[in-house]
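Working notes, beginning with the structure itself.
The values are calculated or read from the model by the stated rules, or taken from the named source; none is laboratory data. Keep in mind that this is a model prediction, so the values were computed, not measured. Note that each Cβ is placed from the backbone with ideal geometry, even for glycine, and that neighbours are counted across all protein chains shown. All accessible areas refer to the heavy atoms of the entire protein, side chains included, with ligands and DNA or RNA removed. Shrake-Rupley method; radii C 1.70, N 1.55, O 1.52, S 1.80 Å.
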Amino acid sequence: MPSFNLFSFRGRWLLLLTVALLAPDSIGAASFIDTLPKRSVVLDGYARSETERRLAGLDLHHIEGIWQFTSDGVIVAIERIPRTVSGFQSACYRMVLLASPNRSLRPGTLAGHVSPTAKSGIYEARIYTTVVGSSLIAPRRFTLKLDDTDRQLVFNKHKSKFSVNLWRVLPYMWRHTVTRNYEPAGYRGCVRVFPEPELPLEPRYL
């Protein structure tokens, strides 16, 4: 029986065929996050009030809404991108700055791309980590976890050996912090501010 030679014409043809058959499953929604430009752009329509009105009229996915980082009050919107715009069949989201203590960053500045994974409540993202003037650069990969109540978005252990600590990067994005991953990052992240949760995270006292 003739041996199989990977470098023969037949071997290369079979290899290309295998890659073509597996490609849709292997890249899937995750490849959307890799379409994030190397440098951020500023998008129209992301004034806080305008964003709230638009989101209020949509059938929101679990992760969609307006979120506030609990450390320094940075506010971002996470909003679904229409398939006709993204070019992907699966759900795709953009993360956009609405307000930041860093006044050089304008409302509407694209902060990252987000895609769902096969596991419910777990998302992959590419988020800018460095500010240059009024732009964001140096996108890096993150894993986001939405809690069961849809009220908190937290950061779990990064998949790679090293990761950028988003908690320290936002909102002062000029600080580039790299850490070795030993344990999960813990419950650091942001809380939903719109739509407002039915039950508040903290009790309200009269």
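In summary, Q89 fulfils each of the numbered conditions (1) under 15 Å from the mean Cα position of the chain (by Cα); (2) farther than 16 Å from L146 by Cα with the single exception of condition (1).
Condition check ((1) farther than 16 Å from Q152 by Cα; (2) outside any loop (DSSP other than H, G, I, E, B); (3) open to solvent by 70 Å² or more (accessible area, probe 1.4 Å); (4) hydrophobic (A, V, I, L, M, F, W, C)) across all residues:
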{"site": "E52", "(1), (2), (3), (4)": "yes, yes, no, no"}
{"site": "L58", "(1), (2), (3), (4)": "yes, no, yes, yes"}
{"site": "I66", "(1), (2), (3), (4)": "no, yes, no, yes"}
{"site": "S71", "(1), (2), (3), (4)": "no, no, no, no"}
{"site": "F88", "(1), (2), (3), (4)": "yes, no, no, yes"}
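Name every residue in region 128-140 that is in contact with a strand residue (DSSP E or B) (Cβ under 6 Å, 6 or more places away or on another chain) and either within 15 Å of H61 (Cα to Cα) or touching a residue at least 40 places away in the same chain (Cβ under 8 Å) (or both), in order of residue number.
Taking region 128-140 first, the residues in contact with a strand residue (DSSP E or B) (Cβ under 6 Å, 6 or more places away or on another chain) are 128-130, 135-140.
Across region 128-140, the qualifying residues are Y128, T129, T130, S135, L136, I137, P139.
Is it true that some residue in region 46-60 is touching a helix residue (DSSP H, G or I) at 6+ places or on another chain (Cβ under 9 Å), modelled with pLDDT of 95 or more and under 24 Å from S31 (Cα atoms)? Walk me through it before giving the result.
As a first pass, look at region 46-60 and keep what is touching a helix residue (DSSP H, G or I) at 6+ places or on another chain (Cβ under 9 Å): none.
No - not one qualifying residue is present in region 46-60.
Taking each residue of region 52-72 that is of a type in the set (G, A, S) and looking for partners that are part of a loop (DSSP other than H, G, I, E, B) with beta-carbon atoms closer than 7 Å, six or more apart or interchain, yields G65/P195.
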